[in-house]
Amino acid sequence: MGATLSTSDGSPTGSRVDATLTGGRGPAESGGDGLGLGAEAALDRARDLLLSRQQPGGWWQGELETNVTMEAEDLLLREFLGIRTELETAPTARWIRSKQGADGAWATFHGGPGDLSTTIEAYAALRLAGDPTDAEHMCRAREFVLANGGIERSRVFTRLWLALFGEWPWQRLPAIPPEVVLLPSWFPLNVYDFACWARQTIVPLSIVRSLRPVRPLGFSLGELRTGLAPESATPSRKARWMQRLDGALRGYERHPVGPVRRNALRRAAEWIIARQEADGSWGGIQPPWVYSLIALHLLGYPLSHPVLRSGLAGLERFTVREETPDGPVRRLEACQSPVWDTALTMVALADAGVPADDPALTTAADWLLAEEIKVPGDWSVRRPRVAPGGWAFEFDNDGYPDTDDTAEVLLALRRTGAPPALRPAMERGVRWLCGMQSADGGWAAFDADNTRAITRDLPFCDFGEVIDPPTADVTAHVVEALCAEGLAGSIPVRRGVSWLLRHQEADGSWFGRWGANHVYGTGAVVPALIAAGVRRDDPALTRAVCWLHRRQNADGGWGEDMRSYRDPAWRGQGDSTASQTAWALLALHAARSADSASIRRGVAWLVKTQRPDGGWDEPQYTGTGFPGDFYINYHLYRLVFPVSALGRLLRDPEESGRLPRDPGEPS
């Protein structure tokens, strides 16, 4: 059985909650007779559910749901390697069929429009599974594909998958020469000019592209062709230069220098193997993982080789199997988030009043302490003098700790009382965060000063962000963590605050790189600025609070659709969700918003929409992988953030008396 979201509902931690929080007196303490009883009961239920989901090892992990390209590419990978069986194919195809939209297409997020490339990959996977082309669902998918330009208008990465099976000519794909690994780190367009997720994908793809393998599917996808030329926007001057560069590289591809090419392939393979994680993955994420397996196999590594054997076995941990009324389904997570989920949960439980010495928090702290990364990784190419000390997102990703997780872990560990055993790790984390600040004062997730924007104009970079510049949400989390460590007056924090103030949007919000979107960014920045000492009546904070109030939905909640990444009209607009409502409430609470009616309505929405088990339904995606291209539904977000928001409001005497006493109380 693969890594599923087993929840340990019988965990003994849930049975002692009331006594732990109140000394045996019942529900969580409120701070006065004016406590909102409906909100208090909602918090109790949510807190108990969250405690019950702690794993025996001390961590929390919610499913990380994306889109069906994960399952489609898994079947294509297995077909290419010759290891696809009916055992994987049937339940995977059943899952893919279940996600098809009414328009015949597959979307990249719940409720979103059909996506051409995702639909092509899903269609190809279902053909592998034996679905006939004249089946009703296949006809609808094909009609969507043809109406939107066919294979010819799909993204480069989709056409790369098709080229592996002879369904697209290799010579009509952009060049990615493996010689890129030979470029020194100071040379433009070397691999370290790309974000960590991009560089780990580009290196194996350079091998695949240079060897140009073809392993026929046994059927043709010609029914998805329109004969149109691949579509491209009017190129900028930089893009035109990049297209000329691509033309030159394609010319070199036809006649590479033999010794240089052989050396590049060898070095690329060594680079890949050196970055395999303990769990068999690469970067703990799907794209470099599957391309690395293909690349090494093409270079002659047999499937029995320890590197490939470990890589293939590791995929099982990312596999979720589930029984449904239509039969068993199988799906894959693009990534896993146990460190992130655990840190967020610890903060939420502390916000809800769970004491610092509660076993749920102390065992989680012990687990996080063991997850500290004490070895250098690719980040040290740009920061060679910075000592290691941080945390990654995943179970095993020692090569790529990130500042966002490290900041959240520091905040979580501090809520355990920061016992002496934790202090050295926390101090290392603080030093690493300060060392990872970019030259402009902001923080990016994985690297410092990874800002060479020209890489975005390369012809094969038509999907997802390929650099890792500083962002408001990450910078805010780091600033908040450093302030919690007593560094509010330090130079790094002052530079970070200046960065945040410079990057506020004209409407008063902040962009959210890793969460959707301006509600997430604003919800992160407002508490950070206040922690750093910015006055609550500062014009920047006033504009942010006003923006949040204006974006509140009629039902009392907040929501923002993923389309806001491409269309500004969607900023702060969308169906209300539990996580986004909580983000807004956390910001309004930190700012001590005078609009108590807005806060009451937000809390009332959370209370009214809570499930009997204490959780919330949230099919909407509120996490982001690549803005505009790849989105995430973190299944634990719908629980941890409402617990934090309700906990902070209920435990604040200034706020608790303003909350609704029951879900039906008028605001």
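For this structure, a couple of remarks:
- Any hit, the stretch 123-140, residues being in contact with a strand residue (DSSP E or B) (Cβ under 8 Å, 6 or more places away or on another chain) and in a helix (DSSP H, G or I): no
- Looking only at residues of the stretch 436-467 that are touching a helix residue (DSSP H, G or I) at 6+ places or on another chain (Cβ under 7 Å) and of a type in the set (D, E, K, R), we find that the one that is farthest from R153 (Cα to Cα) is D440.
Quick grid of which residues meet (1) within 21 Å of D449 (Cα to Cα); (2) hydroxyl-bearing (S, T, Y); (3) at pLDDT below 95; (4) part of a loop (DSSP other than H, G, I, E, B):
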{"site": "R383", "(1), (2), (3), (4)": "yes, no, no, yes"}
{"site": "P388", "(1), (2), (3), (4)": "yes, no, no, yes"}
{"site": "D398", "(1), (2), (3), (4)": "yes, no, yes, yes"}
{"site": "L411", "(1), (2), (3), (4)": "no, no, no, no"}
{"site": "A418", "(1), (2), (3), (4)": "no, no, yes, yes"}
{"site": "A421", "(1), (2), (3), (4)": "no, no, yes, no"}
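- Pair list, Cβ under 8 Å, 6 or more apart: the stretch 281-307 residue more than 20 Å from D402 (Cβ to Cβ) and in the same structural domain as I207 (by TED's automatic domain parsing), other residue in a loop (DSSP other than H, G, I, E, B) and of a type outside the set (K, R): I294/L164; L296/H305; H297/L303; L298/P213; L303/I83; V307/Y301
- For R321, the stated conditions do not hold, so it cannot be described as touching a Lys or Arg at 6+ places or on another chain (Cβ under 6 Å), buried (at least 21 other Cβ atoms within 10 Å of the Cβ) and either within 17 Å of L76 (Cα to Cα) or not assigned by TED's automatic domain parsing to the domain that holds F393 (or both).
- Complete set of residues in the stretch 367-381 that are surrounded by fewer than 18 Cβ atoms within 10 Å (Cβ to Cβ) and assigned to a loop (DSSP other than H, G, I, E, B): K374, V375, P376
- Near pairs, Cβ below 6 angstrom, 6+ apart or cross-chain, from the stretch 107-125 (not assigned by TED's automatic domain parsing to the domain that holds L224) to any residue that is of a type outside the set (A, V, I, L, M): none
- The numbered conditions (1) surrounded by 17 or more Cβ atoms within 10 Å (Cβ to Cβ); (2) of a type outside the set (D, E, K, R); (3) modelled with pLDDT under 95 are all true for S596 except (1).
- Filter result for W241 (modelled with pLDDT of 75 or more, assigned to a helix (DSSP H, G or I), aromatic (F, W, Y) and assigned by TED's automatic domain parsing to the domain that holds L162): no
- Hits in the stretch 440-468 (condition: aliphatic (A, V, I, L, M) and more than 19 Å from D404 (Cβ to Cβ)): A453, I454, L458
- I96 vs. criteria within 30 Å of R212 (Cα to Cα), part of a loop (DSSP other than H, G, I, E, B), modelled with pLDDT of 95 or more and touching a helix residue (DSSP H, G or I) at 6+ places or on another chain (Cβ under 8 Å): no
- Scoring D404 on the criteria (1) in a helix (DSSP H, G or I); (2) at pLDDT 95 or above; (3) more than 22 Å from D193 (Cβ to Cβ) leaves a single failure, condition (3).
- Sole residue being among the acidic types (D, E), farther than 30 Å from F641 by Cβ and touching a residue at least 40 places away in the same chain (Cβ under 8 Å), chosen from D326, D351, D341: D326
- Of the residues making up the stretch 573-593, those that are surrounded by fewer than 24 Cβ atoms within 10 Å (Cβ to Cβ) and either outside the structural domain of G464 (by TED's automatic domain parsing) or closer than 20 Å to V525 by Cα (or both) number 7.
- One residue from P328, P288 being outside any helix (DSSP H, G or I) and on the phi < 0 side of the Ramachandran plot: P328
- Filtering the stretch 608-638 to residues that are farther than 18 Å from G556 by Cα, touching a strand residue (DSSP E or B) at 6+ places or on another chain (Cβ under 9 Å) and not in a loop (DSSP other than H, G, I, E, B) leaves G623, T624, G625, F630, Y631, I632, N633, Y634, Y637.
- Hits in the stretch 266-275 - residues which are in contact with a Ser or Thr (Cβ under 7 Å, 6 or more places away or on another chain) and closer than 18 Å to P302 by Cβ: I272
- Residue in the stretch 104-113 that is part of a helix (DSSP H, G or I) and either closer than 26 Å to G628 by Cβ or in contact with a strand residue (DSSP E or B) (Cβ under 8 Å, 6 or more places away or on another chain) (or both) present: no
- Which listed residue is of a type in the set (G, A, S), surrounded by fewer than 24 Cβ atoms within 10 Å (Cβ to Cβ), modelled with pLDDT of 95 or more and over 21 Å from the mean Cα position of the chain (by Cα), from G602, G614, G625: G614
- Against the test of being touching a residue at least 40 places away in the same chain (Cβ under 8 Å), crowded, with 18+ Cβ neighbours inside 10 Å and touching a Phe, Trp or Tyr at 6+ places or on another chain (Cβ under 6 Å), the options A444, A476, A472 yield a single qualifying residue, A472.
Results for (1) surrounded by fewer than 22 Cβ atoms within 10 Å (Cβ to Cβ); (2) small (G, A, S); (3) not in a loop (DSSP other than H, G, I, E, B), shown as yes or no for each residue.
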{"site": "W186", "(1), (2), (3)": "yes, no, no"}
{"site": "W197", "(1), (2), (3)": "no, no, yes"}
{"site": "I202", "(1), (2), (3)": "no, no, yes"}
{"site": "S210", "(1), (2), (3)": "yes, yes, yes"}
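- Tally, over the stretch 396-414, of residues that are out of contact with any Gly (no Cβ under 6 Å at 6 or more places or on another chain), surrounded by 22 or more Cβ atoms within 10 Å (Cβ to Cβ) and not hydrophobic (A, V, I, L, M, F, W, C): 5
The values are calculated or read from the model by the stated rules, or taken from the named source; none is laboratory data. Owing to the predicted nature of the structure, the values given are computational and were not obtained by experimental measurement. Glycine gets a Cβ as well: all are built from the backbone with ideal geometry, and neighbour counts include every protein chain shown.
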